[in-house]
Amino acid sequence: MSGETDRERYLRDLALLRRVRDRIDREYARPLDVEALARGVHMSAGHLSRRFRRAYGESPYSYLMTRRIERAMALLRRGDMSVTEVCFAVGCSSLGTFSTRFTELVGVPPGVYRRERAGATEGMPACLAKQVTRPIRNREAPSGRPK
């Protein structure tokens, strides 16, 4: 795009990054990887990752896993699915990776979360439940162990 200013390029890239983020929000349960996301906006995977991290503070993969964990938390609170069923329902293909990432973000393993939090948001408006149950990103969850 010859003649394009830095600002125009920045705004164009930002629009493409929003498309990627929206796609992750919509299709989190489908098989997605950074290469496929990048192809969808005609970028290389490396370029997409750098730009996405600069715009949103985390990589596209981390954002995808956070979306999956948010949905998993809701399914586990319902209490009618096993951890394995939830893992596959949210698009994860590895129970080990799912459990590790869940524990990093939530602070407890998925089985413990399911047992302790089943029905915790019952009767709570959805907008409030979403806020109080939102996973913490980037390994910030407090450890479940006493200090």
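The values are calculated or read from the model by the stated rules, or taken from the named source; none is laboratory data. A quick note: this is a predicted structure, and the numbers were derived from the prediction, not measured. Here the Cβ positions follow ideal geometry from the backbone for every residue, glycine too, while neighbour counts run over all protein chains shown.
Residue by residue, here is whether (1) closer than 22 Å to LEU32 by Cβ; (2) at pLDDT below 60 holds:
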| site | (1), (2) |
| --- | --- |
| PHE88 | yes, no |
| GLY91 | yes, no |
| LEU95 | yes, no |
| PHE98 | yes, no |
| GLU104 | yes, no |
| ALA118 | no, no |
| GLY123 | no, no |
| THR133 | no, no |
| SER143 | no, yes |
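Looking at LEU64, LEU75, which is the one that is closer than 30 Å to ARG51 by Cβ and either among the hydrophobic types (A, V, I, L, M, F, W, C) or modelled with pLDDT under 95 (or both)?
LEU64
Suppose we keep only residues that are free of Cβ contacts under 8 Å to residues at least 24 places away in the same chain and touching a Lys or Arg at 6+ places or on another chain (Cβ under 9 Å) within the range 7-44. Which one would you say is nearest to GLU58 (Cα to Cα)?
So, considering only residues that are free of Cβ contacts under 8 Å to residues at least 24 places away in the same chain and touching a Lys or Arg at 6+ places or on another chain (Cβ under 9 Å), the one nearest to GLU58 (Cα to Cα) is LEU37.
Does any residue in the range 105-116 that is part of a helix (DSSP H, G or I) come within less than 9 Å, Cβ to Cβ, of a residue that is of a type in the set (Phe, Trp, Tyr) six or more places away or on a different chain, and which pairs are these?
VAL106/TYR113; PRO110/PHE98; PRO110/PHE102; TYR113/PHE102
Based on this model, can you work out whether MET81 counts as modelled with pLDDT under 95 and crowded, with 18+ Cβ neighbours inside 10 Å?
no
Hey, among ARG30, ARG54, which residue is outside any helix (DSSP H, G or I) and either of a type in the set (A, V, I, L, M) or outside the structural domain of GLU104 (by TED's automatic domain parsing) (or both)?
Only one candidate passes the filter, namely ARG30.
Here's the yes/no breakdown for (1) out of contact with any strand residue (DSSP E or B) (no Cβ under 8 Å at 6 or more places or on another chain); (2) of a type in the set (Ser, Thr, Tyr); (3) over 30 Å from VAL112 (Cα atoms):
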residue	(1), (2), (3)
ARG19	yes, no, yes
ILE24	yes, no, no
ARG30	yes, no, no
LEU37	yes, no, yes
GLY40	yes, no, yes
SER62	yes, yes, no
ARG71	yes, no, no
MET81	yes, no, no
VAL90	yes, no, no
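Report, by residue number, each residue of the range 66-93 that is part of a helix (DSSP H, G or I), without any contact (Cβ under 8 Å) to a residue 40 or more places away in the chain and either assigned by TED's automatic domain parsing to the domain that holds ASP13 or more than 16 Å from the chain's Cα centre (by Cα) (or both).
VAL83, THR84, GLU85
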